[in-house]
Amino acid sequence: MAAKKKVAKKTTAKKQKKPAKAVDPLERVREICLALPEASEVEAWGEPTFRVKGKIFAMHASASTHHGGGRQAIWIMSDSTTQDLLMRARPTQYFKPPYVGPSGWVGAWLDGRPIWSEINELLRDAFRKRAPKKIAALLED
């Protein structure tokens, strides 16, 4: 009987993907807002607000406060038309926030899977509306 030859198998080390760091949504919002010209963060009502020349263009709503209603969100200055379109198109992502919703502000849920490209654009639009013309002109498209 012939002896079986052992064949050495080549093993290739598989590259293991590093798990993506879970970025705190507030940190991501902060990064977007504070990259805008002359934007600042001020705590008001126990929550971070984002301003340009003292005028609020976005505010955070913690899940643990009555502002968030159990879910983390960002309230973004907008107009009634945009608010209506977003709420109809993506009712699981956007909502009409209390207090400022009747003025056209839109709320974006930050839990789950926020659509960051849209949130980024909404924040930039809000900044443009709130900022003085000279500062708004500094914002690159």
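At-a-glance table
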read-out: Selection count, region 73-95, where residues are touching a strand residue (DSSP E or B) at 6+ places or on another chain (Cβ under 7 Å) and of a type outside the set (Val, Ile, Thr); value: 10
read-out: Restricting region 101-112 to residues that are under 15 Å from Ala73 (Cα atoms), in a loop (DSSP other than H, G, I, E, B) and without any contact (Cβ under 8 Å) to a residue 40 or more places away in the chain, the residue that is nearest to the chain's Cα centre (by Cα); value: Gly112
read-out: The one condition in (1) within 13 Å of Ala126 (Cα to Cα); (2) hydrophobic (A, V, I, L, M, F, W, C); (3) at pLDDT below 95 that Ala63 fails to fulfil; value: (1)
read-out: Residue match in region 82-97 (condition: within 13 Å of the chain's Cα centre (by Cα), closer than 24 Å to Leu34 by Cα, touching a residue at least 60 places away in the same chain (Cβ under 8 Å) and crowded, with 19+ Cβ neighbours inside 10 Å); value: no
read-out: Test: Ile76 is surrounded by 13 or more Cβ atoms within 10 Å (Cβ to Cβ), over 16 Å from the mean Cα position of the chain (by Cα) and within 17 Å of Ser40 (Cβ to Cβ); value: no
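The values are calculated or read from the model by the stated rules, or taken from the named source; none is laboratory data. None of the values given here were measured: they were computed from a predicted structure. All Cβ positions, even for glycine, are placed from backbone atoms using ideal geometry, and neighbour counts span all protein chains on display.
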